[in-house]
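To keep things clear, I will list the structure first and then write my remarks on it.
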Amino acid sequence: MTSLAALPAFLAHFIAGLALLGAAFLVFTRLTPHDELGLVRAGNLPAAVALGGAVVGAALAVASAVSHSAGLADAVVWAVVALLAQLASFFGTAWLLPEWRAAIERGELATGVLKAAVAIAVGLLNAAAMTP
């Protein structure tokens, strides 16, 4: 980039990406059966790891949608598709670990790490699947 001519497109895509990431964060924190942010504020490490993994996984998916899109509308559509896949992975992990909520609330780090790892792995797969 040799000039600022692309700045408006950058800003539009960046702001849309932040909005999508923020929406994903809100949806995730509303769908979990406990207060993720409250647990994090109380110093619960597994909750912080799981929430951080969800944010990184969603960011990977949104970033790939933005970087591989033909335009802003295309980026938004593919980011929403990718975020739905992220939510599916969240529910899939919750199904595999029926006691995950209690384990995180008890401070069991292994559950938080696994939930984070699955979210990041699915984010990476999302990103790879959007590559032309």
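Derivation of every value follows stated rules applied to the coordinates shown; laboratory data play no part. All figures in this text were calculated on a predicted structure; none of them were measured in a lab. Here Cβ is always computed from backbone atoms with ideal geometry, including for glycine, and neighbour counts include all displayed protein chains.
Extension gain, A110 to A128: 0.36 nm times the residue separation minus the Cα-Cα distance gives 3.8 nm. Contact order for the chain, expressed relative to its length and based on alpha carbon pairs under 8 Å spaced 6+ residues apart, stands at 34 percent.
Taking the C-alpha atoms only, the angle from helix 109-129 to the longest principal axis of the chain is near 20 degrees.
In plain terms, the C-alpha convex hull of the stretch 10-129 casts an average shadow of 6.8 nm² when viewed from every direction.
Report the percentage of all Cα-Cα pairs in the stretch 25-91 whose separation exceeds 18 Å, rounded to a whole percent.
42
Of the trypsin sites (Lys or Arg not before Pro) found in the stretch 63-132, those in coil by DSSP whose Cβ has at most 13 other Cβ atoms within 10 Å are R106.
Enter the angle in degrees (range 0 to 90, nearest 10) between the Cα long axis of helix 7-31 and the first principal axis of the Cα atoms of the chain, meaning the one along which they spread out most. Compared with the principal axis, the helix lies near 20 degrees. Per residue, the chain reaches -27000 deg cm²/dmol at 222 nm when only DSSP H runs of four or more residues are counted, each adding -39500 (n - 2.57).
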